[in-house]
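What follows is one structure encoded as structure tokens, with my remarks underneath.
Just so it is clear, none of the values below were taken in a lab; they were calculated from the coordinates. Everything numeric here is computed off the predicted structure, so don't read it as measured data. Glycine also receives a Cβ, built like all others from the backbone with ideal geometry; neighbour counts cover every protein chain displayed.
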Amino acid sequence: MPDQPNILLIQVDQLAASFLPAYGNAVAKTPHLDSLAEQSVVFESAYTNFSLCAPSRFSMLAGRLASEIGAFDNGAEFASSTPTFAHYLRAAGYHTSLIGKMHFVGPDQLHGFDERLTTDIYPSSFGWTGDWTQVREEHSNDERSFELAGPYLRTVQMDYDDEVAHRTRRKLYDLARRDALDGGQPWLVTASFTHPHDPYQCRPEHWNRYSAEDIDLPVVERIPDAQADPYSLRLRAQYGLSDFEPTEEQIRRARHGYYGSISYIDDLVGQLLATLTETGFVDNTVVVFTTDHGDMMGERGLWYKKSFFEGASRIPLLVSWPKRFLPKRVSDNVSLVDLLPTFCELGGNHGLAESADRLDGRSLATLLDNGIDERLDDVVYGENLAEGATAPILMVKRGALKLITSGCDPEQLFDLETDPHELFNRAAEARYQSAASELRALTTDRWDIEALNREVHASQRRRQFLRSVAAMSGTADWSHVPPDQASQHVLRDDETYNDWAYGSSLRKETPS
């Protein structure tokens with residue numbers, strides 16, 4: 001199809017929108033992301049559909065809510081029978097590459113991508129299956145997040161993300177070589193990093209970009225237990241924060257490490273964007289920058305994710321295409337499930353996606369082009385079905401109003417226009433009852449909470465059993481083993497030296 005753009009999707013991990021200058025942060029030093037934002041459509045009210053790594057990513061790839069595809073927690077299998085945007089774009093003629101983290105669970109480690117150029121950073125087994133009966137989950141965070149925050153020469157996450165950046169740049173060069181020979185086909189490259197996910201550690205040069213006095217503290221202090229909602233108390237217990245409260249110095253150091261990690265990510269993004277420019281792809285490539293979820297970073301005394309408060313659920317979403325989209329800011333509520341239909345429409349395969357599966361997302365193309373929202377509803381949906389929830393916790397946001405409904409906790413209603421820090425639960429206030437009733441109707445139309453509760457319990461029991469059997473007898477290793485890219489660039493017996501040495505050179509410009 002003519003005029004199909006290339007797509008470079010850059011996804012990071014656990015980045016709250018409020019920690020980027022593009023969203024008003026005055027501390028973070030992110031010159032490359034600042035420049036990208038100036039050239040992008042910036043979505044000011046973008047949300048994750050599930051504030052946890054694997055379910056968020058599976059939902060994004062499928063364009064469907066996690067409950068619809070059984071993605072209940074970080075140990076839930078992503079079924080091969082679920083179409084993803086990689087499948088649809090391949091059907092539209094795209095070459096598709098995945099580089100970095102996607103946390104696929106199960107034997108299928110491609111899910112529609114033509115190739116995957118790194119292994120994953122997390123397990124592919126049922127080892128992280130959620131358990132609603134546990135107060136403290138085995139793999140949960142703990143006080144080391146604060147005690148060990150600071151500058152480090154090297155971490156395993158740095159090793160991983162450096163490799164993701166290297167392999168992504170090499171892939172872009174390879175695509176440019178291919179295009180120089182035959183004009184090529186449109187491509188999707190997904191580069192997925194694990195920073196700034198905790199631990200809150202960064203290289204000294206990124207730590208030193210900030211002085212200690214520059215690091216801001218949470219706007220909302222720890223909510224006293226007597227005033228906190230029940231789920232927040234369960235989250236604290238799960239993270240070992242019920243009886244441990246980090247000091248102000250520890251909070252500042254953790255946030256310092258988080259800012260340093262964001263600057264590190266900014267450097268890596270800068271490398272990818274520079275490569276995109278020098279290969280000549282920049283004008284006809286849609287660049288999407290986003291994350292899977294945010295991080296509370298001490299707001300309300302909460303950290304990490306698995307919450308519907310803004311810090312954990314509101315995410316950055318920047319979309320640039322110099323050939324077509326004018327830079328602007330969009331205030332409409334959007335979410336990650338909207339990416340699949342958006343990619344399909346831009347890639348010329350929108351009808352096939354709609355016919356192959358029922359989608360929960362809606363294309364953002366009209367918002368990107370002219371700012372006119374033809375979706376009509378301005379509604380986003382969120383789910384929390386993972387460990388600690390103990391029952392389905394569900395979110396509906398329309399306009400500035402956010403309703404959180406739980407199978408076990410009191411209802412919460414926040415008005416972000418008058419209460420951006422979500423300090424006042426309006427669920428019982430008379431002036432909000434009409435709007436609350438409409439949001440409740442959207443909730444009941446979308447979910448059968450009792451049926452979903454039974455489904456999650458049954459899924460946990462099955463996977464816990466399979467995990468226990470695997471622990472006794474061992475099981476097949478589902479981890480992805482990536483191809484050795486370096487082996488594709490060396491001389492073998494079936495080529496002559498000159499054909500090999502000169503045939504794959506990527507010329508910067510025509511020599512005079």
Rounded to whole Hz, the Karplus (6.51, -1.76, 1.60) HN-Hα couplings of segment 174-181, x for glycine and proline:
4, 5, 5, 4, 4, 5, 5, 8
Amide H neighbours of Ser192 under 5 Å, at least 5 residues apart or on other chains, H built in the peptide plane: list them.
Gln11, Ile99, Gly100, Lys101
Please report how far the C-alpha centroid of segment 241-274 lies from that of segment 386-413, rounded to the nearest whole angstrom.
28 Å
The equivalent-ellipsoid semi-axes of segment 150-196, taken as the square roots of five times the Cα gyration tensor eigenvalues and listed largest first in whole Å, are 31, 10, 5
For segment 228-242, just list the computed ³J(HN,Hα) in residue order, Karplus coefficients 6.51, -1.76 and 1.60, θ = phi - 60°, integers in Hz, with x standing in for Gly and Pro.
6, 6, x, 5, 4, 5, 5, 4, 4, 5, 5, 8, x, 9, 5
State whether segment 368-512 is rounded, prolate or oblate according to the following rule on the C-alpha gyration tensor (a ≥ b ≥ c being the square roots of its eigenvalues): a/c under 1.5 gives rounded; otherwise a/b larger than b/c gives prolate, and the remaining case gives oblate.
oblate
Please name which of His95, Gln250, Ile7 has its Cα lying farthest along the dipole of segment 6-379 towards the positive end, using unit charges on Cβ (Lys, Arg +1; Asp, Glu -1) and the Cα centre as origin.
His95
How much length is gained on full extension from Arg324 to Asp448, taking 0.36 nm per residue of separation minus their Cα-Cα distance?
40.5 nm
Under the Karplus relation 6.51 cos²θ - 1.76 cosθ + 1.60, θ = phi - 60°, what is the ordered set of whole-Hz ³J(HN,Hα) values for segment 12-18, x standing for Gly and Pro?
10, 10, 6, 10, 6, 4, 5
Which of the trypsin sites (Lys or Arg not before Pro) found in segment 404-493 are loop residues per DSSP with 10 or fewer other Cβ atoms within 10 Å of their Cβ?
Arg492
Assign unit charges at the C-beta atoms only (+1 for Lys and Arg, -1 for Asp and Glu), then state the dipole size of segment 159-255 relative to its Cα centre in Debye, rounded to the nearest 20.
520 debye
From DSSP H assignment alone, runs of 4+ in the chain each adding -39500 (n - 2.57), the sum over residues rounded to the nearest 500 puts [θ] at 222 nm at -10500 deg cm²/dmol
Based on Cβ point charges of +1 for Lys and Arg and -1 for Asp and Glu, what charge dipole magnitude is obtained for the chain about its Cα centre, in debye rounded to the nearest 20?
320 debye
Fewest-first ranking of Trp447, Trp478, using other Cβ atoms within 10 Å as the exposure measure
Trp478, Trp447
In terms of the Cα gyration tensor, with a ≥ b ≥ c the square roots of its eigenvalues, is segment 375-452 rounded because a/c is under 1.5, prolate because a/b exceeds b/c, or oblate?
prolate
Could you put Thr366, Thr118 in order, starting from the residue whose Cβ has the fewest other Cβ atoms within 10 Å?
Thr366, Thr118
Residues whose built amide H sits under 5 Å from the amide H of Arg329, excluding neighbours closer than 5 in sequence, are Val42
Distance in Å, no decimals, from the C-alpha centre of segment 158-178 to the one of segment 57-97 is 23 Å
Tell me, how many Å apart are the Cα centres for segment 438-480 and for segment 301-380?
27 Å
Give the calculated FRET efficiency between Arg461 and Asp159 to the nearest 0.05, with a Förster radius of 41 Å applied to their Cβ-Cβ distance.
0.65
Using a/c under 1.5 as the rounded threshold, could you call segment 1-111 rounded, prolate or oblate? The axes a ≥ b ≥ c are square roots of the C-alpha gyration tensor eigenvalues, and prolate needs a/b larger than b/c, oblate otherwise.
oblate
For a Förster distance of 41 Å, can you work out the FRET efficiency between the beta-carbons of Arg398 and Gln134, rounded to the nearest 0.05?
0.75
Using DSSP to call loops (not H, G, I, E or B), can you name the GluC sites (Glu not before Pro) in segment 407-508 whose Cβ has at most 14 other Cβ atoms within 10 angstrom?
Glu417, Glu429, Glu495
Are any of the pairs Lys101/Lys305; Lys323/Lys397; Lys328/Lys402; Lys171/Lys305; Lys29/Lys101; Lys171/Lys323 more than 29 Å apart by Cα-Cα distance, and if so, which?
Lys323/Lys397; Lys171/Lys305
To make sure I understand, if each residue's beta carbon is the centre and we count other beta carbons within 10 Å, what order do Tyr432, Tyr502, Tyr200 fall in, fewest to most?
Tyr502, Tyr432, Tyr200
Checking segment 119-188 for GluC sites (Glu not before Pro) in a loop per DSSP with at most 12 other beta-carbon atoms within 10 Å yields Glu138
The chain: antiparallel DSSP beta bridges as a percent of all, rounded to 5
45 percent
